[in-house]
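Have a look at the structure below, then the notes.
The values are calculated or read from the model by the stated rules, or taken from the named source; none is laboratory data. In this text the structure is predicted, and so the values were computed from the model without any measurement. Neighbour counts are summed over all protein chains in view; Cβ atoms, including those assigned to glycine, are modelled from backbone coordinates with ideal geometry.
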Amino acid sequence: MQVVMPLDLGLRIPEGDPLGLFIQITEEMDYRELEAAYERRKTAGEATTKQLFQLVIFGYLSGYYTLRKLRDACRYDLRMIYLLHGKRVPSHARFGDFIRRRLSGEVMENLFDQLVMKLLEMKEISRENLFVDGTKIEANANRYSFMRAKTVTKNEEKMQAQIQKKLMDLQTQYNCFDTPPTLKDMLEHLSDLWRETGRERADGNQSGKHAL
């Protein structure tokens, strides 16, 4: 016996689910450039351009990286079903056409910029640091070009310790500053000494060569 499911499944997004934030952001975005690039005759019951964008981006965020996985997720993943709102599941060919021919170039850059700005406005991200979490990007770089956040932080701490030690050594060597200097203060002090040494040499005073 075939079981027929009702169209309205009463789907609700749990509080705190990432889908809620995703919908809030994407519903406020401007899709005019995408609509202009998507010159395709619309048929009744098919997903809109905005829905396709939402399905592709949220699908990627959920680990559906292939066209067929995106299509299948629209059938079985309740979050993707929620985004479709009862519309017909797009075929893998339609997903492919949308991604390759429409979701690219300046159109994609514009949508990405809008996403980032919305996240910044909602204080979901900051501009302070950018880390690659668990993933190395190799499209335009070799495998050594990106480092994980923990490695960057650890190396930064080591570098700061080395800088402080060198500043203390220079403070002792040149008998300058009553308190530990900053890197900027020390560089300015050394620059002054270098200029003074240059003037002495220009005047023909070679007797006292400076350590610099």
task = Could you list, in sequence order, all residues of segment 98-118 that are touching a residue at least 40 places away in the same chain (Cβ under 8 Å) and within 15 Å of LEU70 (Cβ to Cβ)?
result = PHE98, ILE99, ARG102, LEU103
query = Restricted to segment 23-50, and to residues that are touching a helix residue (DSSP H, G or I) at 6+ places or on another chain (Cβ under 6 Å) and in a helix (DSSP H, G or I), which residue is farthest from ILE13 (Cα to Cα)?
reply = ALA37
key: Some residue of segment 69-82 being surrounded by fewer than 18 Cβ atoms within 10 Å (Cβ to Cβ), in contact with a helix residue (DSSP H, G or I) (Cβ under 6 Å, 6 or more places away or on another chain), in the same structural domain as ILE25 (by TED's automatic domain parsing) and more than 23 Å from ARG12 (Cβ to Cβ)   = no
key: Among (1) at pLDDT 80 or above; (2) under 13 Å from the mean Cα position of the chain (by Cα) - the single one THR135 does not satisfy   = (1)
ask   = Among the numbered criteria (1) within 21 Å of ASP77 (Cβ to Cβ); (2) modelled with pLDDT under 90; (3) assigned by TED's automatic domain parsing to the domain that holds TYR82, which single criterion is violated by GLN54?
value = (2)
query = Of everything in segment 32-75 that's of a type in the set (Phe, Trp, Tyr) and touching a residue at least 24 places away in the same chain (Cβ under 8 Å), which residue is farthest from ILE99 (Cα to Cα)?
reply = PHE58
request  = Could you tell me whether any residue of segment 146-160 is at pLDDT below 75, surrounded by fewer than 12 Cβ atoms within 10 Å (Cβ to Cβ) and not in a helix (DSSP H, G or I)?
outcome  = no
